[in-house]
Amino acid sequence: VSVKVPVEKADVAWGNEVKYIASQHPTSLFWYLVFVFLWTSEFFVGVGHISLAIKIQQWYFSVGDEEPRGGASCFDVTKYALFRHGGTAAFGSLVNKPTFPVRMTISWIQQSIRRAGGDSKLSVIMVCCCQFCLLSMERCIKFVSGNY
């Protein structure tokens, strides 16, 4: 996909023309934005897990009828998780999702092959093996980081 980018600025109101050239920059920007979207969504899932762990810890270690320490509302716990453990969530989301965009691309390739009618056994086996290897790697990373 190429987008036309103006080379020269001209005054269109006075009848001057603007010259355009094709640029590949929007394509790379699109993939960057997909990566940022996946990383951000995984970051918020990580903050949710940390907030839930903090809230459960506060409830479990409160004695009797006393209020849980560190604030009772979920907003306070989420704020605490963002400010104290935001780096942990950001690094964990970066480490846990490196294979997801690649798996998503392979799934798209697999669907394209099926739509094109090229259901040869070799191509199906190769795509399934790639998906299995990437899924195994993702699960190993999650197991090692403790996010299973």
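The values are calculated or read from the model by the stated rules, or taken from the named source; none is laboratory data. These numbers were taken from a predicted model, which means no experiment stands behind them. Every residue, glycine among them, receives a Cβ derived from its backbone with ideal geometry; neighbour counts consider all protein chains shown. Quick note on the areas: whole protein, heavy atoms, side chains included, nothing else; ligands and nucleic acids left out. Shrake-Rupley method; radii C 1.70, N 1.55, O 1.52, S 1.80 Å.
When restricted to residues that are under 22 Å from the mean Cα position of the chain (by Cα) and not aliphatic (A, V, I, L, M), the range 89-135 contains 19. Of everything in the range 110-128 that is open to solvent by less than 70 Å² (accessible area, probe 1.4 Å) and either assigned to a helix (DSSP H, G or I) or in contact with a Leu (Cβ under 9 Å, 6 or more places away or on another chain) (or both), the residue that is nearest to LEU52 (Cα to Cα) is CYS128.
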